[in-house]
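Values quoted throughout were computed directly from the atomic coordinates according to the rules given, and no laboratory measurement underlies them. Worth saying up front: this structure is predicted, and the values here are computed from it rather than measured. Neighbour counts are summed over all protein chains in view; Cβ atoms, including those assigned to glycine, are modelled from backbone coordinates with ideal geometry.
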Amino acid sequence: EAQVTQNPRYLITVTGKKLTVTCSQNMNHEYMSWYRQDPGLGLRQIYYSMNVEVTDKGDVPEGYKVSRKEKRNFPLILESPSPNQTSLYFCASTSRDRFNTEAFFGQGTRLTVV
Amino acid sequence: GEDVEQSLFLSVREGDSSVINCTYTDSSSTYLYWYKQEPGAGLQLLTYIFSNMDMKQDQRLTVLLNKKDKHLSLRIADTQTGDSAIYFCAESPGGYQKVTFGTGTKLQVIP
């Protein structure tokens, strides 16, 4: 079954404590991205990756890092989380096939930073 | 930069048609999407349309595109309670490349 798996689903942490949200896809997709969803703001792209070792900033990259060492994994790293990073986070992957451009989303990670 | 706008909320009665509207600013948008988000879940693609099309129909869903006005709409015929969700409009110049999402429209279906 085609899947994007994020972990954890829920996380409460304290300001400044480094954390990593993992994302893994089993569809051999080249393109992966991270979004955050906030009320009234929709989805905003944090970082994206066109392929292994190729990453770039999205619209709201401040305070986040990513890596793409393997095609299937695209972890999101918060080195020093702050309360304004409390949000719902989604990982997505997409094929480069121009006739099959559906983005597959993970189930989301609800992060609370206190 | 690119901007995609939607109204935040829509309420309809079960059995009526729902129309969710979206406007976008990027004239190079080639792919225009509608995604559905059910409570506690990620987004799922409902349908998409290429910018060289005016309309696309898929069972109860009809997508209309007015490229001149950069206006996209999603019509759901015979709306059911199971259609209650948040609907996101999205656009992309090249498919897998950067996708810009709207704010989402929360559809409430009243029994």
Low-density loop trypsin sites (Lys or Arg not before Pro), region A:62-101, at most 13 other Cβ within 10 Å, DSSP non-H/G/I/E/B, are A:Lys69, A:Arg98
When all C-alpha to C-alpha distances in region B:1-70 are sorted into bins of 10 Å, what percent of pairs does each bin hold, rounded to whole numbers? 15, 49, 32, 4
May I ask you to derive the FRET efficiency for A:Glu53 and A:Asn28 from their Cβ-Cβ distance with R0 = 22 Å, giving the value to the nearest 0.05? 0.85
Past 28 Å, Cα to Cα, is the threshold; run A:Lys71/B:Lys106; A:Lys65/B:Lys68; B:Lys56/B:Lys98; A:Lys71/B:Lys68; B:Lys68/B:Lys98 against it and keep the listed order. A:Lys71/B:Lys106; A:Lys65/B:Lys68; A:Lys71/B:Lys68
Want the number for A:Asn73 to A:Asn7: 0.36 nm per residue separation, take away the alpha-carbon distance, what's left? 22.6 nm
Report, in debye and to the nearest 20, how large the dipole of chain B comes out about its Cα centre when Lys and Arg carry +1 and Asp and Glu carry -1 on their Cβ. 100 debye
Virtual paramagnetic centre 7 Å along Cα→Cβ of A:Asp38, amide N under 17 Å, in region A:90-108: A:90
Any idea what % of Cα-Cα pairs in region A:26-76 are farther than 15 Å? 43 percent
Two-decimal ratio, region A:63-114, of alpha-carbon radius of gyration to 2.2 N^0.38 Å: 1.38
Residues in region B:69-94 that a label on B:Asp26 would reach, taking backbone N under 18 Å of a point 7 Å out along Cα→Cβ: B:69-73, B:88-94
